[in-house]
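K.L.:
Supplied in structure tokens, the structure appears directly below.
The values are calculated or read from the model by the stated rules, or taken from the named source; none is laboratory data. This structure is a prediction, so every number in the text was calculated from the model and none was measured. We place every Cβ from the backbone using ideal geometry, glycine too, and count neighbours over all the protein chains shown. Accessible surface areas use protein heavy atoms only, side chains included; no ligands, DNA or RNA. Shrake-Rupley method; radii C 1.70, N 1.55, O 1.52, S 1.80 Å.
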Amino acid sequence: MTILVINPGSTSTKMAVYEDDTPVLLRNIVHSPDELAAFDDVIEQQDFRRQLVLDELRQADVPLQFDAVIGRGGLVKPLKGGVYEINDLMIKDTLSGIALHNHACNLGCLIAHEIAATIPGCRSFIADPGVVDELNDYARISGSPLMNRICIWHALNQRAIARRYAAEIGREYEDLNLIICHMGGGISVAAHDHGRAVDANNALDGEGPFSPERAGSLPASDLIRLCFSGKYNEKQLLKRIAGKAGLNAHLGTNNVKEIVQRIEDYGDTHAELILNAMIYHVAKNIAAEAAVLCGNIDAILLTGGLARSEYIVSRLRQRIAFLAPIRCFPGEDEMEALALNALDVLKGKRKAKLYD
């Protein structure tokens, strides 16, 4: 089976071609700020990014002959975990405003579906999008009946890492209790109870620890007052939640390597305070998920780009090692996870779910 994988991010589009479970082409197409500045909305980048993918395939002499094209799932309505065949309703919801247009993941299903539609017999999928919602009933309740809690998290990578860890120790993911923390531009922390993520934060726009680009949970009254202060419009305030927030807002950069260098080479005490505060809040949120699992934790798994930082990982270990064994899986497994999800459906091991 030949599978094309497409994973759009905020500043790059990752793509891969797999023959069964073997990658035969891997590309990371980086988009400059000037290129992206030409578009007012992420959705407007669809044709631009699709053409770049097609150009890479042509340059690598890869014919447009795929059994499936699978894209990173977008921010559609809440779903159970699994593989979904892309249909007209999913496309409509992505374009209509159910999805949050300001995130590049929404392009995944659009580009995948568009390319697959040009290839006879080719199917198009998404898998474990960030809106996977398997929360328990308690987790949905907030302190106001006007607002229920929702989760937007790194479901695809967290699930992939969980399965990889389970395979390494000779167990099944569905047999384990895990706390998984994905640390990237946003930070998501989830409690996995025997194959179900029963508690996870909204890592995109306002819950959990602050991160390199996200504000995380904020004092509610202060936020309301700021909204009515007249100092910012809605678009500017949303940027203060996701984008110009977190480390970026405090220190003028989201680059953790640069921040660590400022601390270690130049003795920047303010940078040290802010970065250590982020680590503190990540640890606190991990510990909170221990209560969700009643302390029955097989392991804590750290993943995402920031898991490459010894500065961050070592300080997290100091705070949470008492809870459970800790394993570190730097980076992310999203491309392979997408390919294997599609392969399982093509080979009849799993059934694609209907988006309805």
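K.L.:
Could you sort 194-202, 238-246, 318-326 so that the peptide with the highest average Cβ count within 10 Å comes first and the rest follow in order?
P.N.:
Output ranking for 194-202, 238-246, 318-326: 194-202, 238-246, 318-326.
K.L.:
Looking only at His113, His182, His250, which one moves most when the chain is put into a Gaussian network model with springs between Cα atoms under 10 Å?
P.N.:
His250
K.L.:
Next question. Please report the antiparallel percentage of the DSSP beta bridges confined to the chain, to the nearest 5.
P.N.:
55 percent
K.L.:
Same structure again: Of all chymotrypsin sites (Phe, Trp or Tyr not before Pro) in region 165-234, which ones are in loop regions per DSSP and have a Cβ with at most 15 other Cβ atoms within 10 Å?
P.N.:
Phe228, Tyr232
K.L.:
Give the accessible surface of region 105-155 per residue, rounded to a whole number of Å², with probe radius 1.4 Å and ligands, DNA and RNA excluded.
P.N.:
43 Å²
K.L.:
Tell me, what is the per residue accessible area of region 228-349 in Å², probe radius 1.4 Å?
P.N.:
Accessible area per residue: 53 Å².
K.L.:
Just want to confirm a number: the relative contact order over region 92-216, from Cα pairs under 8 angstrom separated by 6+ residues, in percent.
P.N.:
Taking the mean separation of contacting Cα pairs over the length of region 92-216, I get 17 percent.
K.L.:
Moving to a separate point now. If you count, for each residue, the other Cβ atoms within 10 Å and average over each peptide, how do 64-70, 265-271, 152-158 line up from highest to lowest?
P.N.:
In decreasing order of mean packing, 64-70, 265-271, 152-158 become 152-158, 64-70, 265-271.
K.L.:
Cut-off under 24 Å on the C-alpha distance; same-chain residues fewer than 8 positions from Lys347 excluded. Which lysines are left, in chain and number order?
P.N.:
Lys80
K.L.:
What are the ³J(HN,Hα) couplings of region 283-299, residue after residue, when phi is run through the Karplus curve with 6.51, -1.76, 1.60 and θ = phi - 60°? Round to Hz, x for glycine and proline.
P.N.:
For region 283-299, the Karplus curve yields 4, 5, 6, 5, 4, 4, 5, 4, 5, 4, 8, 6, x, 8, 10, 6, 6 Hz.
K.L.:
Sticking with this structure for a sec: When the chain is treated as a GNM, springs tying every alpha-carbon pair under 10 Å, which of Val131, Val42, Val282 comes out with the largest mean-square fluctuation?
P.N.:
The residue that fluctuates most here is Val42.
K.L.:
A follow-up question, please. According to the square roots a ≥ b ≥ c of the eigenvalues of the Cα gyration tensor, what is the shape class of region 77-234, taking rounded for a/c under 1.5, prolate for a/b larger than b/c otherwise, and oblate for the remainder?
P.N.:
It is oblate, given that a/c is not under 1.5 and a/b is not larger than b/c.
K.L.:
What label, among (i) 1.15; (ii) 1.04; (iii) 0.99, belongs to Cα Rg over 2.2 N^0.38 Å computed from the structure on display?
P.N.:
(iii)
K.L.:
Roughly speaking, to the nearest percent, how much of the chain's 1.4 Å accessible area is carbon and sulfur?
P.N.:
Of all accessible area on the chain, carbon and sulfur atoms account for 51 percent.
K.L.:
Over the chain, what is the relative contact order in whole percent, taking alpha-carbon pairs under 8 Å and six or more residues apart?
P.N.:
RCO, the chain: 17 percent.
K.L.:
A further question follows. Would you compute, from DSSP H runs of 4+ residues alone, the mean residue ellipticity of the chain at 222 nm, taking -39500 (n - 2.57) per run and dividing by the full residue count, rounded to the nearest 500?
P.N.:
-11500 deg cm²/dmol
K.L.:
How much net charge surrounds Thr2 when only other residues with a Cβ under 10 Å from its Cβ are counted (Lys, Arg +1; Asp, Glu -1)?
P.N.:
Within the 10 Å Cβ shell, the charges total -3.
K.L.:
Something else now. Test of understanding: in a Gaussian network model of the chain with alpha carbons linked when under 10 Å, which of Asp193, Asp47, Asp128 would top the mean-square fluctuation ranking?
P.N.:
In this elastic network of the chain, the residue with the biggest mean-square fluctuation among Asp193, Asp47, Asp128 is Asp47.
K.L.:
Restricting to DSSP loop positions (anything but H, G, I, E, B) with no more than 15 other Cβ atoms inside 10 Å of their own Cβ, which trypsin sites (Lys or Arg not before Pro) remain in region 41-116?
P.N.:
Lys80
K.L.:
A further question follows. For helix 155-168, what angle does its Cα long axis make with the longest principal axis of the chain, in degrees from 0 to 90 and rounded to 10?
P.N.:
For 155-168 against the chain, the angle is about 90 degrees.
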